[in-house]
């Protein structure tokens, strides 16, 4: 960890996950616990918007960088545009109202094993958010990392939906979880915030 790091990283986890994960811990190990915020996101997208907006208003260390995976990647793009901050999107859900439609009902949290109810209203709210967020006009803010072997989100659709980016890295392997390449994401933070 470098003591000269200035800024705040907001890590946004994916569907059915938690903020305290190997990915957020890797960011904290590199950039300092005090510089990384990794909340457990509510299920309701409206509550996510309120939570992250409240966090952004409370931040004292600038600049801000959003880092998100999967559904968190969609949120990272949304908040990057909302607050005019850069975002790192890793295997992002580009149309989460479609990709998460088939998850309506009870699901298990991948990290905790707890059951949770994914409601139709959450999918509708994501659909509304999709209309407020652009994948085309956010190019200067977006840093994209995708794996060709992602078995949840088709990387070709992601690349098509993000034709303009500040940075784009495409990996042959890594899968949806992107664990084997996460070190590259962690390192890229410094390129953005240095």
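The values are calculated or read from the model by the stated rules, or taken from the named source; none is laboratory data. Just so it is clear, the model here is predicted, and its values are computed rather than measured. Here the Cβ positions follow ideal geometry from the backbone for every residue, glycine too, while neighbour counts run over all protein chains shown.
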query = Restricting the first residue to segment 151-173 and requiring it to be under 17 Å from residue 185 (Cβ atoms), which pairs with a second residue that is part of a helix (DSSP H, G or I) and modelled with pLDDT of 95 or more meet a Cβ separation below 6 Å and a spacing of at least six or different chains?
reply = 171/181
task = Restrict the check to segment 128-138 and report whether at least one residue is more than 14 Å from residue 78 (Cα to Cα) and either surrounded by 16 or more Cβ atoms within 10 Å (Cβ to Cβ) or free of Cβ contacts under 8 Å to residues at least 60 places away in the same chain (or both).
result = no
message = Kindly evaluate residue 98 against the criterion of being surrounded by fewer than 18 Cβ atoms within 10 Å (Cβ to Cβ), touching a strand residue (DSSP E or B) at 6+ places or on another chain (Cβ under 6 Å) and either touching a residue at least 40 places away in the same chain (Cβ under 8 Å) or over 26 Å from residue 9 (Cβ atoms) (or both).
response = no
message = For segment 52-78, give me the residue count where each residue is crowded, with 24+ Cβ neighbours inside 10 Å and in a helix (DSSP H, G or I).
response = 8
ask   = What number of residues within segment 24-51 satisfy the criterion of being touching a strand residue (DSSP E or B) at 6+ places or on another chain (Cβ under 7 Å) and either in a helix (DSSP H, G or I) or at positive phi (or both)?
value = 5
